[in-house]
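Here's the structure, in structure tokens; my notes come after.
Where a number appears in this text, it was derived from the coordinates with a stated rule and is not lab data. What you see is a predicted model, and the numbers here were worked out from it, not measured in a lab. Methodologically, a virtual Cβ is constructed for each residue, glycine included, from the backbone with ideal geometry; neighbour enumeration extends over all protein chains shown.
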Amino acid sequence: MTSVNTVELNQIRKCYDEFVAVDDLSLAIRPGEVYGLLGPNGAGKTSTLRMMIGITFPDSGSVSMFGEPLRRAHVQRLGYLPEERGLYKKMKVLDQLVFLGELKGLSAHDATQRSLQWCERLGLKDWTGKKVEELSKGMQQKAQFIGAVVHDPQFVVMDEPFSGLDPSSAVVLKDAFLDLKNAGKTLLFSTHRMDTAERLCDSICLINHGRAVLEGDLAKIRAGYGKRNVQIKYEGDAKFLNDTKLVQSFNDYGNFVEVRLAAGADAQDLLRAASAGARINKFELMEPSLEEIFIEAVGKANA
Amino acid sequence: MLNTSLRNTWLVIKREYLERVRQRSFIVLTLLLPAIMIGAFAIPAKLSSMKSSKIQRLVVVTSTAQFGELVRQQILDSGNTESADNKDKNKDKEDKDLDEDKPSRGYAIEVDANASEAERNALRSRVAAGDIDGFLWLSDDAVAARKVNYYGREASGFMEKSWLSGQLDRAILLQELGQKGVSGTQADELLKPVKLETMRIQGGKETKANDKGMFFAVFAMVMLLYTAVIFYGVSVMRAVLEEKNSRVMEVLLSSATSTELMAGKLIGVGAVGLTQIGIWIVMAAVYALPALAANASTGEIHISPLTLAAFALFFLLGYLLFSSIYAAIGAVITSEQEGQQLQFIIVLPLIISVFMMGPVMRAPDAPVSVWSSMVPFFSPVLMYLRIAVQPPPLWQIALSLALLVGTIAAILLLCARIYRIGILMYGKRATLPEIVKWLKYAKG
């Protein structure tokens with residue numbers, strides 16, 4: 001792997017009138033990785049993606065791609081999947097894909113061949129002659145995905161690719177996604193679903209109110225947060241849960257309780273405290289979920 | 001880079017064009033409109049020709065059989081068959097007007113030299129019985145008073161009445177001239193109407209003036225331009241709007257520039273309109289070819305090749321100009337209703353052009369004509385009008401064309417910028433200061 005980052009955002013800022021959509025955001029995407037841009041709705045994910053693919057320009061800060069300042073020529077080498085409604089409704093699926101492929105520089109013949117191959121692979125083969133509006137939402141999303149990758153781009157940018165998909169379509173798309181990753185492509189996608197990101201991403205950037213809350217390698221971020229959660233199955237006295245020196249908060253799920261350790265507390269102390277009054281059937285240290293990390297990080301940022 | 005740009009524009013043109021032309025609504029409209037037009041013209045014509053197959057049976061009542069015969073001949077000669085005058089290819093306007101009033105039906109005329117009150121009553125009952133359609137009462141008194149009565153079951157149409165009274169005038173004059181000893185041929189000579197032929201002196205050369213043809217050519221152009229702009233300009237606006245409301249443009253903008261997209265849209269959608277108009281013109285030409293060929297041989301409608309070329313050129317550019325304004329409107333607005341409020345921007349220059357036509361036609365070289373025909377929003381109509389009336393100096397044509405092309409390009413670029421930025425402000429109508437801000441902001 002080369003050391004040149006596929007994309008680097010350097011302290012970019014974007015305002016729409018009074019509203020600050022993206023503020024002082026920096027991130028780096030390494031070649032060949034799956035990068036997740038995470039955050040709640042309205043956090044500035046789409047605004048960030050648009051600046052990355054040259055649809056809008058930052059008010060300040062810089063965007064570089066493949067190691068150079070962003071140019072139009074770079075944009076030709078990427079694929080973009082917008083958040084729904086990105087296809088002509090009245091146009092036939094194949095015509096549409098060929099059109100998009102040709103705009104990216106493919107010959108009509110190549111564009112047709114590749115579109116057909118992709119349609120076959122994603123199960124759209126029988127739909128190539130249908131108008132886009134006749135397709136279900138899942139199929140439209142697949143067609144949209146093909147439109148983004150038909151020219152075999154080095155870098156694929158996807159805005160909420162999994163939103164509104166039924167589980168089986170999501171699986172097909174996820175597999176295609178991983179195939180691209182295995183073929184050495186760089187993938188960037190935005191999502192507000194932390195669990196999706198958790199399963200797919202190598203690196204992430206968490207944004208909230210246009211600012212990066214966390215950025216970097218997902219495994220490292222997690223490690224940084226340490227194993228601060230404990231899942232406990234017990235029978236007996238539950239008063240150990242109220243020990244604020246050990247327990248910051250807990251969630252009782254009925255079968256088990258998930259405990260968040262207080263700052264500086266040792267899990268072994270908790271085990272001892274718990275076993276003093278109750279019978280412990282299970283005691284497991286857990287990595288925090290991305291969601292928890294996000295909530296905590298946002299909490300810190302707002303504090 | 002230029003190559004990519006042209007390629008992208010071409011791809012967008014191709015898509016816009018093919019997608020629209022393939023639509024069922026396009027095909028239906030293309031075929032349906034001529035069908036409706038033909039229906040609207042042919043069915044009434046057919047109906048009236050059906051009526052004309054029924055021969056009008058008239059009785060001409062006069063005091064003498066000789067005068068009755070004269071009236072009969074006069075009506076039959078110009079009513080049932082082509083008159084000698086009508087066969088004359090150089091017929092003048094007056095004749096033509098008479099022709100236009102000529103009834104399409106045939107006549108069967110019976111002469112009755114018994115102008116008595118009893119006969120009048122007898123004829124009345126024949127009319128009532130449906131034996132005859134009507135009778136003309138041309139007693140000596142009536143002729144002397146120049147007050148002739150027509151009795152009929154159905155009152156004749158206005159056109160036919162004026163035609164008939166013309167024929168009677170002529171018959172009475174011929175009769176009276178005959179009584180004063182003027183022979184039939186002499187009388188014909190005397191009654192020959194005056195023909196006024198206008199000549200145009202142009203570049204020292206005298207040509208037969210062709211006001212009718214010229215007016216027709218200019219009028220056709222204005223109507224065609226107006227119709228095309230109103231019909232198809234809106235579809236340019238709609239095409240831009242459609243893309244704004246979807247995110248297709250985000251995908252496209254990651255492949256092509258907004259200028260390429262706008263130019264492609266404008267030309268593609270524009271070409272659809274031209275195709276449709278072209279098909280209609282061909283259809284109309286085929287339908288009207290026999291009539292046109294007949295007319296062309298008379299030299300009645302004569303349009304010079306220069307005028308035809310100017311027609312094509314100024315029509316195309318005018319169409320592009322107004323369509324580009326529509327595109328700009330499409331880029332600013334968020335819904336079609338808003339677009340309708342802004343349509344006056346387009347209609348106003350066209351209406352002003354039409355108002356200017358009179359003055360420019362009267363004085364094509366007056367300063368006001370010269371300068372108004374340079375203004376891009378008027379030049380498609382006015383410069384073309386001047387070329388048709390009296391070709392202006394070449395530099396004026398060239399300047400007018402250059403300004404027109406420049407304006408189209410400027411609007412297109414402006415519009416591409418507005419589109420580029422405006423498109424990303426979902427669901428919000430741009431205010432003027434905002435547009436100015438976008439224009440300053442947009443870097444391409």
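Would you mind checking the radius of gyration and Dmax of segment B:212-288 based on alpha-carbon positions, in Å?
16.7, 55
If eta is 1.567 mPa s and T is 4 °C, what Stokes-Einstein diffusion coefficient results for segment A:122-209, Kirkwood Rh from Cα pairs, in µm²/s? Display every interim value, and only then the final one.
Details: Rh = 14.0 Å.
The calculation lands on 93 µm²/s.
First obtain the Kirkwood hydrodynamic radius of segment A:246-303 from its Cα pairs, then insert it into the Stokes-Einstein equation at 4 °C and 1.567 mPa s, and state the resulting D in µm² per second as a whole number.
D, rounded to a whole number, is 100 µm²/s.
Describe numerically, in nm with one decimal, the distance between label points set 7 Å from Cα along Cα→Cβ at residue B:183 and at residue A:272.
Going from the residue B:183 label point to the residue A:272 one covers 15.2 nm.
Take the Cα pairs of chain A, get the Kirkwood Rh, then feed it into Stokes-Einstein at 4 °C and 1.567 mPa s and tell me D in µm²/s.
Result for D is 60 µm²/s.
Apply the a/c threshold of 1.5 to the C-alpha gyration tensor of segment A:1-76 and tell me whether it is rounded, prolate or oblate.
Here segment A:1-76 falls in the prolate category.
Can you give the helix-only mean residue ellipticity at 222 nm for chain A, where every DSSP H stretch with n ≥ 4 adds -39500 (n - 2.57) and the sum goes over all residues, rounded to the nearest 500 deg cm²/dmol?
Calculated at 222 nm, the ellipticity per residue is -10500 deg cm²/dmol.
About the Cα centre of segment A:7-223, what is the dipole size in debye to 20, counting +1 per Lys and Arg Cβ and -1 per Asp and Glu Cβ, all else neutral?
On the way: 28 positive and 28 negative charges, 78 e Å.
It comes to approximately 380 debye.
Rounded if a/c is under 1.5, else prolate if a/b beats b/c, else oblate: with a ≥ b ≥ c from the C-alpha gyration tensor eigenvalues square-rooted, which is segment A:21-155? Could you put the intermediate results ahead of the total?
On the way: a/c = 2.30, a/b = 1.68, b/c = 1.38.
In terms of gyration-tensor shape, prolate.
Rounded to whole Å and sorted largest first, what semi-axes of the equivalent ellipsoid does the C-alpha gyration tensor of segment A:88-240 yield via the square root of 5 times each eigenvalue?
After diagonalising the Cα gyration tensor, the semi-axes are 39, 18, 13 Å.
Once you have a ≥ b ≥ c as the square roots of the Cα gyration tensor eigenvalues for segment A:175-236, tell me rounded if a/c is under 1.5, and otherwise prolate or oblate according to whether a/b is larger than b/c.
It is prolate, given that a/c is not under 1.5 and a/b is the larger ratio.
Which entries in A:45/A:131; B:161/B:195; A:142/B:244; A:104/B:14; A:92/B:14; A:239/A:282 show an alpha-carbon gap greater than 19 Å?
Correct reply: A:45/A:131; B:161/B:195; A:142/B:244.
Using all C-alpha to C-alpha distances in the protein assembly as shown, build P(r) with 20 Å bins and read off the rounded percent in each one.
Each 20 Å bin holds this share of Cα pairs: 13, 29, 23, 16, 11, 6, 2, 0.
Report the calculated FRET efficiency for residue B:169 and residue B:371 (r = Cβ-Cβ distance, R0 = 45 Å), to the nearest 0.05.
0.30
Efficiency by 1/(1 + (r/R0)^6): what FRET value for residue B:192 and residue A:107, r their Cβ-Cβ distance, R0 = 51 Å, to the nearest 0.05?
In this case the efficiency is close to 0.10.
Scan around residue B:56 for amide H atoms under 5 Å from its own, H built in the peptide plane at 1.01 Å from N, and keep only partners 5 or more places away or cross-chain.
Residues meeting the amide H criterion: B:106, B:107, B:108.
Testing the spin-label approximation: label points 7 Å from Cα along Cα→Cβ at residue B:31 and residue B:338. State their distance in nm.
Going from the residue B:31 label point to the residue B:338 one covers 3.9 nm.
Treating only the Cβ of Lys, Arg, Asp and Glu as charged (+1, +1, -1, -1), what charge dipole size does segment A:120-249 show about its Cα centre? Round to the nearest 20 debye.
Approximately 300 debye in magnitude.
Are there trypsin sites (Lys or Arg not before Pro) in segment A:169-227 that DSSP marks as loop and that have at most 14 other Cβ atoms within 10 Å, and which are they?
For trypsin sites (Lys or Arg not before Pro) across segment A:169-227 that sit outside H, G, I, E and B with at most 14 neighbouring Cβ atoms in 10 Å, the list reads A:227.
What does the charge count near residue A:28 come to, summing +1 for each Lys or Arg and -1 for each Asp or Glu among other residues with Cβ under 11 Å from its Cβ?
Spelling it out: positives minus negatives among the neighbours equals -3.
Can you compute the equivalent ellipsoid semi-axes for segment B:314-403, i.e. the square root of 5 times each eigenvalue of the Cα gyration tensor, sorted largest first and rounded to whole Å? Could you put the intermediate results ahead of the total?
Values: eigenvalues 161, 36, 14 Å².
Ellipsoid semi-axes (Å, largest first): 28, 13, 8.
Return the average number of partner chain Cβ atoms within 10 angstrom of each residue Cβ along peptide A:87-100.
4
What order, most packed first, do the peptides B:180-187, A:242-249, A:75-82, B:352-359 have when packing is the mean number of other Cβ atoms within 10 Å of each residue?
Details: B:180-187: 11.2, A:242-249: 13.8, A:75-82: 23.5, B:352-359: 15.6.
Taking the mean over residues of other Cβ atoms within 10 Å, the ranking is A:75-82, B:352-359, A:242-249, B:180-187.
Taking every DSSP beta bridge that has both residues in chain A, what percent is antiparallel when rounded to the nearest 5?
Values: 38 of 56 bridges.
Antiparallel bridges make up about 70 percent of those DSSP assigns within chain A.
How far is it, in nm, from the label point at residue A:252 to the one at residue A:11 when both lie 7 Å from their Cα along the line to the Cβ?
For residue A:252 paired with residue A:11, the spin-label model returns 5.1 nm.
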